[in-house]
Every structure is written in C-alpha cells, then in structure tokens.
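The values are calculated or read from the model by the stated rules, or taken from the named source; none is laboratory data. Remember, predicted model here, so these are calculated numbers, not experimental data. Here the Cβ is made from the backbone with ideal geometry for all residues, glycine too, and neighbour counts use every protein chain on show. Areas reflect the complete protein model, heavy atoms only, side chains present, ligands, DNA and RNA absent. Shrake-Rupley method; radii C 1.70, N 1.55, O 1.52, S 1.80 Å.
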Amino acid sequence: MSRSILALLSETSVHIQPAVPLPPDSLPGEPLPCSYAPIAREKLQPWPLLTTLELQQTFADRGLTQISGKLEIGRLLLVPVRSLDNIASWVTCPALLSRFLELFGDSDAKTWLETLETRSWEHGQVFSNLDNKRMFLEGFNFVTCGEIPRSMLDILGDLIEDETTRTRLLSKINIIGDEDFALLLGSGGIPIHIRGQFNTNKTRQNLRFEEALPPDTLFYVSIAKSATATMKKKLQAALDQDPYLQIGSHETTGRGWFHAVLREIDV
C-alpha cells in the first residue's frame with residue numbers, strides 16, 4: 001500500500017494570506033499609518049501553512065481541477081533561518097518530523113525520532129551533523145547534543161529533486177526543540193518586507209509590513225487516498241512538463257514559486 005505526497009520547495013519568497021483576514025485596527029474612514037500582513041499559520045501552532053484554497057486555485061489554473069479537490073493543506077517541514085556559522089541553516093523540530101513520518105510505515109528514522117521525543121529537552125539544544133559544538137540561530141545560542149542519522153536525511157532528501165540543492169540543504173539541517181522552534185518563528189525567523197502604499201497621486205499614504213517565507217522553505221501536501229491513478233498520472237505528466245508552481249500572493253513581483261515533486265510512499 002502506498003501514499004502520495006507532493007513536496008514543495010520554495011524558489012522565491014512566499015506570502016500566503018490567512019484564510020480569515022485579521023480585522024482592521026482603525027475605525028471606518030480612518031486609515032492606518034501602517035498595516036501588517038501576516039502569513040497563514042496553523043490554528044494551534046505558529047507554524048506557516050499553504051491553505052487548500054491557494055493550492056486548489058494553483059492546480060485549477062494548471063488544468064488539474066479534479067485532483068485539486070484531493071489535496072490537504074500544505075504542511076511545513078523545514079525552514080531556513082539566519083545563522084552566524086553559515087549563510088543560513090535549515091531548521092525543523094520533532095513535532096513537525098513526527099507528523100510527517102506518520103505517513104510512513106516503520107523505519108529507522110521513525111524509531112530514532114520516537115526516542116528523541118521521549119528525551120527531556122532543554123532550551124538551546126540542537127541535533128546537527130555540523131562540526132560546530134555551538135551555533136547561533138537567529139541570535140540564539142545552541143549547543144550540539146547529537147547527530148542526525150542517515151536514515152532521516154535519506155527520507156528528507158528524497159523530497160528534493162535537484163542533487164546539488166539536496167546536498168547543499170541536507171548539510172545544513174538542524175533539529176531543535178519544539179518550544180525553541182516556535183520561539184524562532186515568532187522572534188524574527190520569518191522575514192518581514194516593508195512596502196509603501198500609494199494613492200492615485202503617487203503619494204505614500206502608509207507603510208505595509210508583510211511577512212514572507214524565505215526561499216528553500218520545504219512543505220509537503222498529502223493527496224487523499226480517493227485520488228485515482230488517472231488523476232496522479234495527469235499530475236505527474238504536468239510536473240514533468242513544468243515542475244514549477246506559483247502559490248500565494250504577488251505573482252507579478254516574482255513571489256510564490258515552488259519546485260514540486262510527486263512521491264509515492266510505502267505505508
């Protein structure tokens with residue numbers, strides 16, 4: 001028995017609007033001196049996501065209407081953050097990995113993760129294959145306390161098509177605690193772009209602060225079991241012809257482009 005997933009690696013910055021917009025902070029007729037546009041996040045966690053509405057719109061534009069209704073939300077797996085030791089580091093946490101590995105059957109990676117989840121996490125601990133005993137991620141100091149097994153890297157690497165990109169990113173993976181990961185995403189880990197908003201006279205009225213996920217952010221989308229083999233073959237044919245999908249806002253400014261890979265997972 002197998003399960004189909006779609007791996008999405010961002011090639012540009014990405015802004016996904018929340019399904020329910022935030023209410024305005026001003027009275028009617030009183031413009032704000034600035035506005036804030038967050039990205040879509042999960043309800044109970046600060047983890048970014050790709051909404052089913054945005055995914056369905058993208059697939060419908062590619063003529064893949066049938067399978068668009070078989071897509072679940074796009075779930076976050078890995079996100080790059082700033083590092084003093086590298087240009088950037090790829091970061092995830094046990095909670096994200098555990099949810100992803102639920103799609104798989106028994107594996108060495110899943111067994112290792114289960115032992116990892118039972119440990120008593122302390123703030124500032126990181127699992128990494130880098131030689132550094134200490135590292136700084138988004139200004140926070142982390143101490144290396146173990147290595148990531150090859151079995152885990154193989155599963156994650158299978159989601160990336162390009163070999164050069166796969167090698168580059170897998171060499172920078174870091175696993176930190178769930179609380180530390182949530183802290184990173186809420187303390188500047190998600191870049192904020194500042195844009196001016198102008199009226200018809202080209203006079204700036206206010207500033208717009210907009211969150212945007214950086215390139216090399218990795219999501220995955222589970223495809224419902226009810227999707228037929230014909231739907232999957234049509235999707236694979238479309239990706240063979242053009243593996244790039246535009247998801248989210250600001251297509252005209254080059255945002256929201258992903259490289260998509262369809263994978264079959266043995267359950």
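For residue 172, give me every one of the lysines with a C-alpha distance below 24 angstrom, ignoring sequence neighbours fewer than eight places off in its own chain.
Within the straight-line cut-off, residue 172 pairs with 110, 133.
What residues have an amide H closer than 5 Å to that of residue 206, excluding those fewer than 5 places away on the same chain, when H is modeled at 1.01 Å from N in the peptide plane?
197
Percent relative contact order of region 111-160, based on C-alpha pairs within less than 8 angstrom and at least six residues apart?
Value for region 111-160: 31 percent.
Just to confirm, what accessible area per residue do you get for the chain at 1.4 Å probe, in whole Å²?
52
For the chain, what number results from the quotient of the Cα radius of gyration and 2.2 N^0.38 Å?
So the chain has a normalised radius of gyration of 1.07.
Lys and Arg at +1, Asp and Glu at -1: add these up for the other residues within a Cβ distance under 11 Å of residue 64 and post the number.
Once all neighbours under 11 Å are counted, the net charge is +3.
Just check region 95-174 against the gyration tensor rule for me: Cα atoms, a ≥ b ≥ c as the square roots of the eigenvalues, rounded for a/c under 1.5, and otherwise prolate or oblate depending on whether a/b exceeds b/c.
Here region 95-174 falls in the oblate category.
Assuming 0.36 nm per residue, please report the length gained on full extension of the stretch residue 44 to residue 192 beyond their Cα-Cα distance.
Extra length available between residue 44 and residue 192 comes to 51.1 nm.
With the contact rule set at Cα under 8 Å and sequence spacing of 6 or more, what percent relative contact order holds for the chain?
After rounding, I find 38 percent.
Using only Cα positions of region 41-178, each an equal point scatterer, no hydration layer, compute I(q)/I(0) via Debye at q = 0.10, 0.16, 0.17, 0.21 Å⁻¹ and quote the log10 values to two decimals.
Debye curve over Cα of region 41-178, log10 I(q)/I(0) at q = 0.10, 0.16, 0.17, 0.21 Å⁻¹: -0.39, -0.94, -1.04, -1.37.
At a Förster radius of 25 Å, what calculated FRET efficiency corresponds to the Cβ-Cβ distance of residue 61 and residue 208, to the nearest 0.05?
0.45
Give me the net charge of residue 124's neighbourhood, meaning all other residues with Cβ under 13 Å from the Cβ of residue 124; Lys, Arg count +1, Asp, Glu -1.
Here the charged neighbours net out to -2.
Multiplying the sequence separation of residue 107 and residue 263 by 0.36 nm and subtracting their Cα-Cα distance, what value in nm do you get?
Length gained between residue 107 and residue 263: 54.5 nm.
From the helices alone, meaning DSSP H stretches of at least four residues, give me the mean residue ellipticity at 222 nm for the chain, per-run term -39500 (n - 2.57), in deg cm²/dmol to the nearest 500.
-7500 deg cm²/dmol
In the neighborhood of residue 166, defined by Cβ-to-Cβ distances under 12 Å, what is the net charge if each Lys or Arg adds +1 and each Asp or Glu adds -1?
-4
For the pair residue 133 and residue 84, how long in nm is the line joining their label points, each one 7 Å along Cα→Cβ?
For residue 133 paired with residue 84, the spin-label model returns 1.6 nm.
Would you please give the residues with an amide H less than 5 Å from that of residue 211, counting only those at least 5 places away or on a separate chain, with H modeled from the backbone geometry?
Those lying under 5 Å, H to H, from residue 211 are 37, 39, 193.
Could you give the DSSP H helices of the chain that reach 15 angstrom or more along their long axis (alpha carbon positions) and whose average Kyte-Doolittle hydropathy is no lower than -1.0?
108-118, 229-241
Using a 10 Å cut-off on Cβ atoms, rank the peptides 75-83, 123-131, 229-237 from the highest mean neighbour count down.
Order by mean packing, descending: 75-83, 123-131, 229-237.
Accessible area of region 52-192 with a 1.4 Å probe: how many percent of it is carbon plus sulfur?
Carbon and sulfur atoms account for 49 percent of the accessible area of region 52-192.
Using a Förster distance of 22 angstrom, determine the FRET efficiency expected from the C-beta separation of residue 52 and residue 161, and round it to 0.05.
0.40
Write down, largest first, the equivalent ellipsoid semi-axes of region 109-249 in whole Å, where each equals the square root of 5 times an eigenvalue of the alpha-carbon gyration tensor.
32, 28, 14
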